[in-house]
Amino acid sequence: MRTLDDSQLERLARRRAAARMGWYLHAGIYLLVTAGLALLSTLSVRPWAVYPAVGWGLGVAVHGLVVFLFTDGSGLFERLVRQERERLAPLRDPW
């Protein structure tokens with residue numbers, strides 16, 4: 001694992017917090033719009049609001065995976081990088 005000075009640590013923390021905040025905002029807007037569409041859908045003969053909810057929900061899910069699992073500094077990402085370093089260690093030039 002790499003070491004960071006205070007400014008690098010602050011920058012990384014702010015970037016990760018901004019990414020998570022972006023996902024929370026995305027999920028909140030999704031919930032509000034989907035609820036509104038569901039209300040509108042009840043006025044029609046067939047319930048159509050499920051289609052945009054599923055499509056957009058997939059986008060929110062992928063966004064969440066990227067933010068919480070696969071970004072720099074997350075637990076999964078760091079574990080994968082560490083595993084690759086260990087696999088590549090025998091290939092390192094000792095000189």
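Only the coordinates and a few stated rules stand behind these numbers; no lab work does. All values derive from a computational prediction rather than experimental measurement. Cβ coordinates were reconstructed from backbone atoms using ideal geometry, including for glycine residues, and neighbour counts include every protein chain displayed.
The C-alpha radius of gyration of region 15-86, expressed as a fraction of 2.2 N^0.38 Å, stands at 1.53. Counted residue by residue at 0.36 nm each, then reduced by the alpha carbon distance between them, the extension gain from Leu43 to Thr71 reaches 5.9 nm. Entry note, region 15-86: relative contact order of 28 percent, from Cα contacts under 8 Å with a spacing of 6+ residues.
Among the chymotrypsin sites (Phe, Trp or Tyr not before Pro) found in region 15-67, those both in a DSSP coil and sparsely packed, with 14 or fewer other Cβ atoms within 10 Å of their Cβ, are Trp48.
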